[in-house]
Amino acid sequence: MTVYEITDLGRQAAYSWIREMISTPAQEFLEFPAAVSFLALLTPEDVGRLFKERVQALEHSLARLKDQFRKGASLRLPRLFLLESEHQQALLEAEIRWVQAVMTDIESGELAWNMEELRKHAKSVDNRVNEIEI
């Protein structure tokens, strides 16, 4: 049987990598924020329906995560080993709150759009940009 062991150089690289990932926020490219930038292509009704589906999926994920967290806590694992789950839970809860707030704004009419209004707005912005360049 072959046993592998990390080298001193490998250990230093791993510690350096972990320290950098913890101390320095990275620009992570997630699909959802990218999709949000294209919401104007859909109707507010479509977005409301899709956001409702997303909240249901997020709530399901959150329930599973909380269950896993309870199991870990029942095993009396040190909190140190549950921090990743805590972080994921906080992110899910924050996203659920944000999506629900946007859904509320769509349902109330506070956030509304249609293609005709967006085209007019784009033309207006384009005209202002042209005036500035002259």
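Only one entry in 85, 74 is among the hydroxyl-bearing types (Ser, Thr, Tyr), over 19 Å from residue 33 (Cβ atoms) and exposed (fewer than 10 other Cβ atoms within 10 Å of the Cβ), namely 74.
If we keep just the residues of region 1-54 that are among the aromatic types (Phe, Trp, Tyr) and either over 30 Å from residue 103 (Cβ atoms) or in contact with a Ser or Thr (Cβ under 7 Å, 6 or more places away or on another chain) (or both), which is surrounded by the fewest Cβ atoms within 10 Å (Cβ to Cβ)? This residue is 4.
Scanning for something at pLDDT below 95, among the hydrophobic types (A, V, I, L, M, F, W, C) and more than 27 Å from residue 51 (Cβ to Cβ), does region 111-118 turn up at least one residue? Within region 111-118 (the criterion being at pLDDT below 95, among the hydrophobic types (A, V, I, L, M, F, W, C) and more than 27 Å from residue 51 (Cβ to Cβ)), the answer is no, since none of the residues qualifies. If you go through region 60-119 and keep only what is outside any helix (DSSP H, G or I) and under 22 Å from residue 22 (Cβ atoms), you end up with 77, 78.
The values are calculated or read from the model by the stated rules, or taken from the named source; none is laboratory data. Predicted model only: the values in this text are computed from it and were never measured. Quick reminder, even Gly has a Cβ in these numbers, built from the backbone with ideal geometry, and neighbours come from all protein chains shown.
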